[in-house]
Amino acid sequence: MATHRSCALWSCCGRRWSRVMRCCRLPGFRSSWPRGPLGARHLSQEKQATETHFGFETVSDKEKGGKVYHVFESVAKKYDVMNDMMSLGIHRIWKDLLLWKMHPFPGTQLLDVAGGTGDIAFRFLNYVRAQHKRKQKKQLRAQQNVSWEEIAKKYHNEEDPLGGSRVVVCDINKEMLKIGKQKARAQGHKAGLAWVLGDAEELPFDDDKFDVYSIAFGIRNVTHIDQALQEAHRVLKPGGRFLCLEFSQVNNPLISRLYDLYSFQVIPVLGEVIAGDWKSYQYLVESIRQFPSQEEFKEMIEDAGFEKVTYESLTSGIVAIHSGFKL
Amino acid sequence: MATLLRSALRPLRPLGGRRGPAADVPLRGVRHGAGLLYPGHIPTSPLQKALLAAGSAGMSLYNPYRHDMVAVLGETTGHRALKGLRDQMRKDPEGAEILQERPRISLSTLDLDKLRSLPEGSLGQEYLRFLDVNELLCHKFQQAWTLCVSQGRPRGCQRHYIPCPRTPLLRVSPDTRAPTRFVDDEELAYVIQRYREVHDMLHTLLGMPTNILGEIVVKWFEAVQTGLPMCILGALFGPIRLSAQSLQVLVSELIPWAVQNGRRAPCVLNLYYERRWEQPLLALREELGITEPPTVHVRGPA
């Protein structure tokens, strides 16, 4: 197509091609495209190297997606147990800190990508529900000379305990979503939750839809991180916030050695003993080492178009929360 | 322009391997498969082996259904015993042949029809009967499972045997044996694999069913024969979950019998079972010096 060929000149440039493509596209084109690899993206992919890392192995781009899928398919059932065992429960604090940083208020639309088992989504719902209750109580207290009838009516007309907030959990892996749905049922989360099967590099959502985009411990498994960042930029509303919780580089040398020892010696053993799966947990610790450092990742986020990008290292840099805004 | 170039080049950067494995990381090799002694090999450091041994011992006690944990325990603790076993096999002519040819026993390599056609009382027939009686073979279509057991198996489906999903405690069929992973020597990896596959043969030889009592007796026999720490631990800790009555029978009759025969018999890994299908079981027992096994109830306390 003529439009594609002229856009080929721009396809080398990492940053702006997506905007150019949007101009080149005919209206209504998006809905007619199949969910397979987009024709325009192929041109830019040809220019990039076709090999990438899978832990410390080298695999082709196409292989990595499938291999990561298998890893998470096999770990899904024991995912939460293993998280607790490996991090000694600290991962719960990290996720709580992410929510605290997000500080959502009733009405926030959250997209949680790679959020398979729903940890962030459930925390978000609890947070927003608590906020909403607090707001209501404050309102009631502020009103003076309110009759008992009016107070009872206020509590009865509980139309939306979430105050309009919604969370969409998107994950590429069916097994992880299945576990997440089971957990939601067990914990009693019904309203305000949607589960979508989708690829972080190609989100099945329209532009400018969400207030907050979060991705916790998921972005290092994505084959093309820059594409995922660009998709994040696309689906966020102007003024929206990008939040990423991910393993990062430890800054203290002593802790780094202890952390390496623990990661490579103990974690695969835990995986074998508890989940019966050595290789998946070996991949996990290796993929942590392959992920860029805090500064480099910050630059990648800036390249995707985000502004006011900051990061906060937790637990001496074992994890870091990166935050950026689409302005 | 510089930033655009940088962003275009960024995806290439992680390939440089700028963050290579740390000093105490068991190296997997740059390319998948390099540096591995045999397919499925996972190189482990001594610390990892120790942690695995401890973890697998604990997990097998906690959850006896985790057969893979028993296997891992055997692999991580058995180095010295396996070397001894391998030397014994090398000294014996039949054993040396086994080490050379590396035969494998699995349901797919067993010719079930041929075994069924063998004369009554032969090793092959008895082995097949052992698999049948202990419900290690079952019809492919599980909803017809109870029907086919009571009415005899339909002719057409005798090829389609799968490990029975309803196997009670400790029952494992030839095909559910996980491949060796943590042994750092290729020949020893085969020896332990052979030992696992011969386990069912031992049940047939000793006439022991696959309930807990039978398994413990076989474990005692194996512990005396092979000296594998996993067998010794299994033999010592297996009876923990038994009732007092079974414990009494075990200690008074079964264990002394197993130990005596284990001491008397030559190394059972030296038998090329695949060539002995036609040999009558009683003759084989006489050859090995195994006396009449004491009766153990088939539906023993689980």
*Within the group A:Asp260, A:Asp226, which residue is surrounded by 20 or more Cβ atoms within 10 Å (Cβ to Cβ), at the interface with chain B (Cβ under 10 Å from one of its Cβ atoms) and either among the hydroxyl-bearing types (Ser, Thr, Tyr) or in contact with an Asp or Glu (Cβ under 9 Å, 6 or more places away or on another chain) (or both)?*
A:Asp226
*Which one of these does B:Pro103 not meet: (1) part of a loop (DSSP other than H, G, I, E, B); (2) under 16 Å from the mean Cα position of the chain (by Cα); (3) facing chain A (nearest Cβ under 10 Å)?*
(3)
*asked:* Tally up the residues in region A:175-224 that are in contact with a helix residue (DSSP H, G or I) (Cβ under 8 Å, 6 or more places away or on another chain) and in a helix (DSSP H, G or I), please.
replied: 11
*B:Ala223: among the small types (Gly, Ala, Ser), under 30 Å from B:Gln100 (Cβ atoms) and touching a residue at least 12 places away in the same chain (Cβ under 8 Å), yes or no?*
yes
_Name the residue that is modelled with the lowest pLDDT, counting only residues in region B:39-69 that are in a loop (DSSP other than H, G, I, E, B), more than 9 Å from chain A (Cβ to nearest Cβ) and surrounded by 16 or more Cβ atoms within 10 Å (Cβ to Cβ)._
B:Pro64
*What tally of residues in region B:286-297 results from selecting those that are out of contact with any helix residue (DSSP H, G or I) (no Cβ under 7 Å at 6 or more places or on another chain) and part of a loop (DSSP other than H, G, I, E, B)?*
3
*Report, by residue number, each residue of region A:285-326 that is in contact with a Pro (Cβ under 7 Å, 6 or more places away or on another chain) and closer than 23 Å to A:His103 by Cβ.*
A:Lys326
_Matching residues in region A:264-279 - criterion: being more than 8 Å from chain B (Cβ to nearest Cβ) and surrounded by 20 or more Cβ atoms within 10 Å (Cβ to Cβ)_ = A:Ile267, A:Gly271
*In this structure, is A:Leu243 touching a helix residue (DSSP H, G or I) at 6+ places or on another chain (Cβ under 8 Å), in contact (Cβ under 8 Å) with a residue 24 or more places away in the chain and surrounded by 20 or more Cβ atoms within 10 Å (Cβ to Cβ)?*
yes
*asked:* Only one of A:Phe297, A:Phe247 is of a type outside the set (Ser, Thr, Tyr) and within 11 Å of chain B (Cβ to nearest Cβ). Can you tell me which?
replied: A:Phe297
*asked:* Please determine whether any residue of region A:51-62 is more than 18 Å from the chain's Cα centre (by Cα), at pLDDT 85 or above and of a type in the set (A, V, I, L, M).
replied: yes
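The values are calculated or read from the model by the stated rules, or taken from the named source; none is laboratory data. Quick caveat: nothing in here was measured; it's all calculated off a predicted structure. Here Cβ is always computed from backbone atoms with ideal geometry, including for glycine, and neighbour counts include all displayed protein chains.
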